[in-house]
Amino acid sequence: MSRIASVFKQPAHKALIPYITVGYPSVGATLRVVPLLASSGCDIIELGIPFSDPLADGATIQKASFYALQNEVTPKLCLKVARQLSQKVDIPLVFMTYFNPVFSYGLNEFCNACTKSGIDGLIIPDLPPEEGSGLEAVTQKQSLDLIYLLAPTSTEERVRLVAEKSGGFIYLVSLTGVTGARDKLSSGLGAFVARVRKVAPQPLCVGFGISTSEQAKWVAQRADGVIVGSRIIQLMEADDTFTAVGNFAKELRCALDELPNGEKL
Amino acid sequence: MLPNNRGYFGAYGGQFVPETLMSVLDELTSAYKEAKADASFWAEFDKLSRTYSGRPTPLYLAERLSWHCGGAQIFLKREDLAHTGAHKINNALGQGLLAQRMGKRRIIAETGAGQHGVATAAVCAMLGLDCIIYMGEEDMHRQSLNVFRMKLMGAEVRPVSGGSRTLKDAINEAIRDWVTNPRDTYYLLGSVVGPYPYPPMVRDFQSIIGKETKEQIMAICNRLPDYIIACVGGGSNAIGIFYPFLNDNDVRLIGVEAAGRGLNTGEHAAPLVAGRVGVLHGAKSYVLQDSSGQIRETHSISAGLDYPGVGPEHSYLKDTGRANYVAVSDKEALNGFQLLCSTEGIAPALEPAHAIFYAAEIAGSLDKEQIIVVNLSGRGDKDMDIVVEALGVKP
């Protein structure tokens, strides 16, 4: 069983998965905030490798990516950062990035380097399973989980395809749109999670637009994990000691733990 | 037949898009397949091409330009005379009719030089569809006349301030809008780039240029041309004129990219000549990128060529050798612009001015029996401010 899969084997435990952009606002910040998140109740950390054209991202992550690229954050540097982090924290780390940096690195070389750096999985929002067979062949060899996404617009046929192919968990995009904090969750989210649940044996984690502990709790009553990105990045901007982001992670953890045992609606 | 059923021309193309758009692209693919097989769809397209766009556009023998170059006869395919001033209207009309057929009333599009934006705004006005155009701030500044035209036609022009504030970023923003509104919105992409089915669909609508050219050159010269030359940004006017000649192996096809301030300066927009294979905006193709796969900023004096990617079919034609690709600098394009103005009284857009320059370069070394056709993809009114500034002339 992969390290990611074992996160979901803890009874009645909901996974808390924050996203941060590597090198934003600095590499030093990344090296400090990840251990803080790990000790504040997070289960998996998504490390974003910045890309010049992040077309699935909203304003917050666009800005973070742009800034990180100005600071010359490359995939090589991200791998180096991941290696240091994997020696400091015990929870799984996954890279989230777009396909071109991976393709440019070379699929074999990149996955090989990921394994050596203690990376457990990859999330690539512009790589649907139709285009993923080449990368899948390599991730399987390297024991990396290639995590695919599903969206509210995904047809039943596509849900089956992703259920067949996704490693570790399935990333459910909560809404039709780009990443970014929203006031409200999408009205069809409950039905969407239930629709995927019928077909997919994998754990289901929901991301995009989740920014409060109330939203996280609502999602965790239906899914197996909650992914929070833009809100984390916004809070990292608040203070250098990351007090706010640490407190927010703890608040989310409490919200997820308050659920009655094994509750699934 | 290319592309294959997964949208690949050899190794190039595909659908590298967020999951949200995959079912939307499937819907578009089947809607286009149905329309393509429906004679009434093409009857409507042909009728409006004639009565609205002003087709067929003439094939003009540029005698004084040919005489000046002292070699081959140069013909110009006059897409600059099409409605809204460029070939872009062909694709905007075709996709506008498709959107209407699919019942999608909200149209979004990106634009670089503004020609695709103007063509889309015009077609939306004519068909009564809502129209939102994404345009980089830098491009809005350098093509302000076209911004005004779009607004007059009822389009909302949304400035894009991210990244390099040009065409690439306008496409990113249009895709973000589409991901947000996948059900009611039709993305009217303006070139042979993007995920399948856009590259072959846009090609089909633009291939009317090549079909007409073939008939016209046969009627005038009773033989096929020796060379066809067209500028390449995303590559829609080039593929439009190349496509009907792909199996005529004696016709040499030459695509002209923008060398900007020079290929060795890094400030250019020539992915086929100086890029390497990557994935941008949903397709695998040649791309300008740095060593770690970040898309590079580009430069060209012409907004319409200022793009780091290129249509996947061009990448395929490059690799197979069926077409050749070269690059022409800003300065040379300005020479081409002036040359056509002074010899023929035609002001080309700065995009085809690249092709004019290259044609003039090779014409001198050819004999008088040989025929070059240049796709004069648009007119130069929109570029007058840029030319005035670049040449330092006082109007």
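Rounded to the nearest 20 Debye, what is the dipole magnitude of the protein assembly as shown about its Cα centre when Lys and Arg each give +1 and Asp and Glu each give -1 at the C-beta?
940
Taking every DSSP beta bridge that has both residues in the protein assembly as shown, what percent is antiparallel when rounded to the nearest 5?
Within the protein assembly as shown, antiparallel bridges account for around 20 percent of the total.
Using a 10 Å cut-off on Cβ to Cβ distances, tally the other chain neighbours for every residue of B:283-296 and report the average as a whole number.
That works out to 5 on average.
At 1.4 Å probe size, put B:Glu369, A:Glu46, B:Glu44 in order of accessible surface, largest to smallest.
Solvent-accessible surface, decreasing: B:Glu369, B:Glu44, A:Glu46.
Excluding the sites themselves, what is the longest stretch of chain A that contains no trypsin sites (Lys or Arg not before Pro) in a DSSP loop with at most 16 other C-beta atoms within 10 Å?
Within chain A, the longest run free of exposed trypsin sites (Lys or Arg not before Pro) spans A:10-183.
From the cross-link list A:Lys217/A:Lys250; B:Lys33/B:Lys104; B:Lys33/B:Lys318; B:Lys168/B:Lys331; A:Lys76/B:Lys168; B:Lys168/B:Lys211, which pairs have alpha carbons spaced over 19 Å apart?
B:Lys33/B:Lys318; B:Lys168/B:Lys331; A:Lys76/B:Lys168; B:Lys168/B:Lys211
Per residue of region A:34-40, in order, report the coupling 6.51 cos²θ - 1.76 cosθ + 1.60 (Karplus, θ = phi - 60°) as ³J(HN,Hα) in whole Hz, putting x for Gly and Pro.
5, x, 5, 5, 4, 7, 9
Mind listing the long-range amide H neighbours of B:Leu76? Cut-off is under 5 Å, sequence gap 5 or more, other chains count too, H placed in the peptide plane at 1.01 Å from N.
Here B:Tyr60, B:Leu61, B:Ala62, B:Val374 satisfy the definition.
Quick check on region A:3-255: take the gyration tensor over C-alpha atoms, sort the square-rooted eigenvalues as a ≥ b ≥ c, and tell me if it's rounded (a/c under 1.5), prolate or oblate.
Because its axes are fairly even, with a/c under 1.5, region A:3-255 counts as rounded.
Quick one: which residues, 5 or more positions from B:Cys131 or on another chain, have an amide H under 5 Å from its amide H? H modelled 1.01 Å from N in the peptide plane, none for Pro or chain starts.
It is B:Ile107, B:Glu156, by chain and number.
Just counting partner chain Cβ atoms within 10 Å, what average do the residues of peptide A:45-52 show around their Cβ?
That average works out to 3.
Quick one: what are the phi-derived ³J(HN,Hα) couplings along region A:135-144, Karplus 6.51/-1.76/1.60 with θ = phi - 60°, whole Hz, x for glycine and proline?
Computed from phi, the couplings for region A:135-144 are 5, 4, 4, 7, 5, 5, 4, 8, 6, 9 Hz.
Assuming a ≥ b ≥ c are the square roots of the Cα gyration tensor eigenvalues, decide whether region B:336-395 counts as rounded (a/c under 1.5), prolate (otherwise, with a/b larger than b/c) or oblate.
Prolate.
Express the accessible area of chain A per residue in Å², computed with a 1.4 Å probe while the remaining protein chains stay in the model.
38
Return the distance in nm (one decimal) between the two label points of a simple spin-label model at B:Ile220 and A:Lys198, each offset 7 Å from Cα along Cα→Cβ.
Each label point is offset 7 Å from its Cα along the Cβ direction, giving 6.3 nm.
Which value, in square angstrom to the nearest 100, describes the accessible area buried between chains B and A on both sides, using a 1.4 angstrom probe?
2800
Report, to the nearest whole %, how much of the accessible area of region A:3-255 belongs to carbon and sulfur atoms, 1.4 Å probe, protein only.
Roughly 51 percent, rounded to a whole number.
The values are calculated or read from the model by the stated rules, or taken from the named source; none is laboratory data. Because the structure is predicted, anything quoted here is derived from the model rather than measured. Here Cβ is always computed from backbone atoms with ideal geometry, including for glycine, and neighbour counts include all displayed protein chains. Heads up: the accessible areas ignore ligands, DNA and RNA and are worked out on the full protein's heavy atoms, side chains in. Shrake-Rupley method; radii C 1.70, N 1.55, O 1.52, S 1.80 Å.
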